[in-house]
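Derivation of every value follows stated rules applied to the coordinates shown; laboratory data play no part. Please read all numbers here as calculations on a predicted model, not as lab measurements. When we count neighbours, we look across all protein chains shown, and the Cβ atoms used for this are built from the backbone with ideal geometry, even at glycine.
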């Protein structure tokens, strides 16, 4: 049963139209208004399930203005369902702004769970799922993209990215440059007839898609960084810290790099440097 003046954030299928919950269908049939990322795209879903609820557009270009309009409708006691083209609104799709405004105005918000591309791809990839980071889409600017990847390169959990097919090759190139030849999976066309999981090392994946250009939205799942623990003691650490400083690193940066390489604490490297000076 719907509650007056409530915003319902609804998960919709990411491919297969059968992947929708009964609760979402009931909500879409009975709310006063559906705010959709692309009304033409969402109309196909609604027609499939014979839902005639009125639609209004809610996308990245009108999100701020439309959020204010939706809040006024909710204050007047109307019920509103928010949907994106696929998956959950607010996850790499519009939605966060209206939810934020509703919470500020003490307007009830309910989230109706549904399909999610990132989690589906994670499980399909077979990568470790105990700890993971979802990043979404990388920046389009080459410089910003490189800085983002360098900051993620040494994360010791599985990483998940979204990418458009026309940018997949350049993204795989950037990933291999920042992450090295690490194991990864490109998952395409999730829940659709031609769903595929391409699992290999980054360089091999790039070669594969150079031969056969990808189609459909992609999820890229990257294996966690595993620190390389080299054999060596305090004397080796000190030598490599000094070599790092000669390369232009600060002492702090060089200590951090050496500690990571040998799998020891930075404080141990620092103590070794103190002992060397005695």
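Sub-6 Å Cβ pairs linking a first residue in the range 72-86 that is over 30 Å from residue 17 (Cβ atoms) to a second residue that is surrounded by fewer than 23 Cβ atoms within 10 Å (Cβ to Cβ), at least 6 apart or interchain, are 77/4; 77/5, ordered by first then second residue. Within the option set 89, 94, being out of contact with any strand residue (DSSP E or B) (no Cβ under 6 Å at 6 or more places or on another chain), in a loop (DSSP other than H, G, I, E, B) and surrounded by 12 or more Cβ atoms within 10 Å (Cβ to Cβ) holds for one residue only, 94. Can you tell me which residues in the range 134-164 are out of contact with any helix residue (DSSP H, G or I) (no Cβ under 8 Å at 6 or more places or on another chain) and surrounded by 15 or more Cβ atoms within 10 Å (Cβ to Cβ)? Listed by number, the residues that qualify are 148, 155, 157.
When the range 193-204 is examined, which residues are found to be in contact with a strand residue (DSSP E or B) (Cβ under 8 Å, 6 or more places away or on another chain) and not in a loop (DSSP other than H, G, I, E, B)?
At the first step, the residues of the range 193-204 found to be in contact with a strand residue (DSSP E or B) (Cβ under 8 Å, 6 or more places away or on another chain) are 194-202.
Hits for the range 193-204 are 196, 197, 198, 199, 200, 201, 202.
If I ask for residues that are within 23 Å of residue 260 (Cβ to Cβ) and in contact with a strand residue (DSSP E or B) (Cβ under 8 Å, 6 or more places away or on another chain), which ones from the range 162-183 would you list?
Within the range 162-183, the subset within 23 Å of residue 260 (Cβ to Cβ) is 174-183.
Correct list: 175, 179, 181, 182, 183.
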